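Visitor: Quick one: the structure is below, questions incoming.
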Amino acid sequence: MSSKRLSFPASEEAIRDLRAGDEVTVDGHIIGIRDRTQIRIFDQGIEPPMDLSGAFLLHTAPGVRKLGPGKYEKVCIGTTTSARMVRFTEGLGSQYGVRAICGKGGLPDEAIEPMQRLGMVYFAIVGGAAALETTQIEEIEEVAWEELMPECLWKFRVKDFGPLTVGIDSHGNSLFHDVQERAKAKLEELYDRL
């Protein structure tokens with residue numbers, strides 16, 4: 001495990017250099033996305049109005065204050081649970097070249113294979129750290145599909161975002177899977193003692 005700094009958008013090569021357990025700090029741009037946005041893209045077949053190539057996607061529906069047409073001020077930008085959005089992983093990588101996804105709680109095992117094949121990672125972030133995350137977002141640069149508020153597409157400029165932990169890497173390793181397996185083994189051991 002090591003500490004790394006990445007700038008997004010990122011290349012596949014930079015992502016494949018990461019290993020599960022690595023600590024990562026991010027600069028550059030992060031795209032905020034959530035359920036309704038991905039349903040629009042994949043279930044309704046509408047192309048996203050932002051370039052997602054090399055992108056870091058943050059599962060969020062931020063609290064913001066409107067300043068004017070298309071202009072928003074951050075109030076509280078935290079993460080939401082990722083597992084329910086796992087079905088979009090394959091398409092995000094294969095159709096749009098997304099390189100990283102981040103949210104709460106991890107992704108189930110079905111995300112491991114496409115992330116490995118397509119050169120993607122899942123970043124784990126501490127739940128409940130929205131106040132800190134919000135300070136690491138320098139500006140909301142762009143918002144698209146405002147009618148889906150707050151589940152729009154958001155383009156955030158970030159500095160020192162993190163630290164994040166590589167929860168699933170592009171080599172088939174998943175900390176979430178490992179924890180589940182250890183818990184299952186421990187549970188079986190406890191049952192055997194009864």
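The values are calculated or read from the model by the stated rules, or taken from the named source; none is laboratory data. Bear in mind the structure is a predicted one, so any value in this text is a computation, not a measurement. Methodologically, a virtual Cβ is constructed for each residue, glycine included, from the backbone with ideal geometry; neighbour enumeration extends over all protein chains shown.
Visitor: Among the candidates Ile41, Ile33, which residue alone is closer than 12 Å to Leu153 by Cβ, of a type in the set (Val, Ile, Thr) and in contact with a helix residue (DSSP H, G or I) (Cβ under 8 Å, 6 or more places away or on another chain)?
Guide: Details: Ile33 fails: in contact with a helix residue (DSSP H, G or I) (Cβ under 8 Å, 6 or more places away or on another chain).
Sole residue among the options that is closer than 12 Å to Leu153 by Cβ, of a type in the set (Val, Ile, Thr) and in contact with a helix residue (DSSP H, G or I) (Cβ under 8 Å, 6 or more places away or on another chain): Ile41.
Visitor: If you don't mind, another one. Has the range 122-134 got any residue that is closer than 20 Å to Ala10 by Cα, aliphatic (A, V, I, L, M), in contact with a Lys or Arg (Cβ under 8 Å, 6 or more places away or on another chain) and not in a helix (DSSP H, G or I)?
Guide: Yes, the range 122-134 contains a residue that is closer than 20 Å to Ala10 by Cα, aliphatic (A, V, I, L, M), in contact with a Lys or Arg (Cβ under 8 Å, 6 or more places away or on another chain) and not in a helix (DSSP H, G or I).
Visitor: Among the residues of the range 129-154, count how many are in contact with a helix residue (DSSP H, G or I) (Cβ under 8 Å, 6 or more places away or on another chain) and surrounded by fewer than 18 Cβ atoms within 10 Å (Cβ to Cβ).
Guide: Filtering the range 129-154 for residues in contact with a helix residue (DSSP H, G or I) (Cβ under 8 Å, 6 or more places away or on another chain) gives 145, 148, 151-153.
This time we only want the ones that are surrounded by fewer than 18 Cβ atoms within 10 Å (Cβ to Cβ), so: 148.
Here the count works out to 1.
Visitor: Say whether the condition of being modelled with pLDDT of 95 or more, surrounded by fewer than 17 Cβ atoms within 10 Å (Cβ to Cβ) and outside any strand (DSSP E or B) is met by at least one residue in the range 155-172.
Guide: Checking the range 155-172: at least one residue is modelled with pLDDT of 95 or more, surrounded by fewer than 17 Cβ atoms within 10 Å (Cβ to Cβ) and outside any strand (DSSP E or B).
Visitor: Further question: Between residues in the range 118-130 that are within 12 Å of Thr79 (Cβ to Cβ) and residues that are in a strand (DSSP E or B) and among the charged types (D, E, K, R), which pairs lie under 9 Å by C-beta distance while being six or more apart or on different chains?
Guide: Ala124/Lys104; Ile125/Lys104; Val126/Lys104; Gly127/Lys104; Gly128/Lys104
Visitor: Please go through (1) assigned to a helix (DSSP H, G or I); (2) modelled with pLDDT of 95 or more for Glu139 and return the number of the only condition it doesn't satisfy.
Guide: If we test Glu139 against (1) assigned to a helix (DSSP H, G or I); (2) modelled with pLDDT of 95 or more, just (1) comes out false.
Visitor: A follow-up question, please. Residue by residue through the range 1-48, note down the ones that are among the acidic types (Asp, Glu), touching a residue at least 12 places away in the same chain (Cβ under 8 Å) and within 20 Å of Gly91 (Cβ to Cβ).
Guide: To start, the set of residues in the range 1-48 that are among the acidic types (Asp, Glu) comprises 12-13, 17, 22-23, 27, 35, 43, 47.
Adding the requirement that they be touching a residue at least 12 places away in the same chain (Cβ under 8 Å) leaves 12, 17, 22-23, 27, 35.
Scanning the range 1-48 gives Glu12, Asp35.
Visitor: Take residues that are at pLDDT 95 or above and crowded, with 22+ Cβ neighbours inside 10 Å and tell me which of the strands (runs of 3 or more DSSP E) falling wholly in the range 1-102 contain 2 or more. Lay out the reasoning, then the answer.
Guide: Numbers: elements: 3-8, 23-33, 56-59, 63-68, 71-76.
Counting at least 2 such residues, we get 23-33, 56-59.
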